[in-house]
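One structure is given below, encoded as structure tokens.
Rule-based calculations on the coordinates, nothing more; no lab input. Because the structure is a prediction, the values reported are computed rather than measured. We place every Cβ from the backbone using ideal geometry, glycine too, and count neighbours over all the protein chains shown.
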Amino acid sequence: MTATVPSRPELGESELGEQARAILAFERRWWRHAGAKEQAIRDTFGLSATRYYQLLNRLLDEPAALAHDPVLVGRLRRLRSSRTRARTR
């Protein structure tokens, strides 16, 4: 007799809400102009750019976000760190 292992959802998928997954998908896109991205944030999420970036910043610290898309989250964390270091100089 073989024991069956219950299937688990993909790590990170069930822990992230729909909005969090949408924000990560949105961040995968490349933007040529900041204004275009800010308008797309308003159109897509109905949020101000400030509020969107607050949510994104909090999301980058979530282990579930790292499990969901480690390459993207790692890149965004490095960008955040380099910008923080540049401001403190």
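Side notes on the structure shown:
- Shape of region 18-88, Cα gyration tensor, a/c cut at 1.5: oblate
- Spin-label pair PHE45-LEU79: with each label point 7 Å from Cα along the Cα-Cβ axis, the two points sit 1.2 nm from one another.
- Per-peptide average of other Cβ atoms within 10 Å, ordering 17-28, 59-70, 76-87 highest first: 59-70, 17-28, 76-87
- With both labels modelled 7 Å from their Cα along Cα-to-Cβ, the LEU55 to ALA25 distance reads 1.3 nm.
- Given R0 = 30 Å, the distance between the Cβ atoms of GLU18 and THR88 translates into a calculated FRET efficiency of 0.30.
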